[in-house]
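Each value in this text was obtained by applying a stated rule to the coordinates, not by laboratory testing. Everything numeric here is computed off the predicted structure, so don't read it as measured data. Note that we place each Cβ from the backbone using ideal geometry, even for glycine, and neighbour counts take in every protein chain shown.
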């Protein structure tokens, strides 16, 4: 099971992509994701449930706007998952992508970081460019090259290394943006969160604000998500 922050990020990104609307999740949806995490429902099961919910939607004019709509289907998907695990082989899943696909995706991530580095350089943000260059180098040296040398490397090990680089990068992002830009992004995010402000605990509000700022910066510089879940 991935850590809580990555779990939230993967599910949020997948749902927003399926919904086609970049609006932030509501506090109720955050609580729902936390319930799934605390219930040890694997992220891939939640994602399958979200996909099924969108596939089953019959009325094209009735859009799915909330994760709450997917709750029942995700619960059903989890039951199917538990049933499939009864007496199941504990060896690595057979439906994992082949090594060639994983290698190609890792190369795509390294290239994406390099393109983001170029974009940061063109914007005059040398600090961010240097940080992205270092993360791309880490991805190649710590993950891509070892995987090429040993394509049988456990997928979980690859994911854990990607998560480590991702976390390191996100911890630094807010420090790498000019104060004037950060203030502008923060004003936009606070405006978007205003409707939820009184309903949220301070810690939850601060985390939603931080996630919103990071998402804005990533979009500004086209910084790729470092996880095999985005294959």
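Of the helices (runs of 4 or more DSSP H) entirely within the range 111-187, those holding at least 2 residues that are under 21 Å from residue 213 (Cα atoms), touching a helix residue (DSSP H, G or I) at 6+ places or on another chain (Cβ under 7 Å) and in contact (Cβ under 8 Å) with a residue 40 or more places away in the chain occupy 126-138, 155-173.
Listed conditions (1) out of contact with any helix residue (DSSP H, G or I) (no Cβ under 9 Å at 6 or more places or on another chain); (2) surrounded by 14 or more Cβ atoms within 10 Å (Cβ to Cβ) are all met by residue 192, apart from (1). The residue that is surrounded by the most Cβ atoms within 10 Å (Cβ to Cβ), counting only those in the range 10-52 that are under 24 Å from residue 217 (Cα atoms), out of contact with any helix residue (DSSP H, G or I) (no Cβ under 8 Å at 6 or more places or on another chain) and in contact (Cβ under 8 Å) with a residue 12 or more places away in the chain, is 19.
Selection over the range 150-172 of residues that are over 23 Å from residue 107 (Cβ atoms) and surrounded by 14 or more Cβ atoms within 10 Å (Cβ to Cβ) gives a count of 1.
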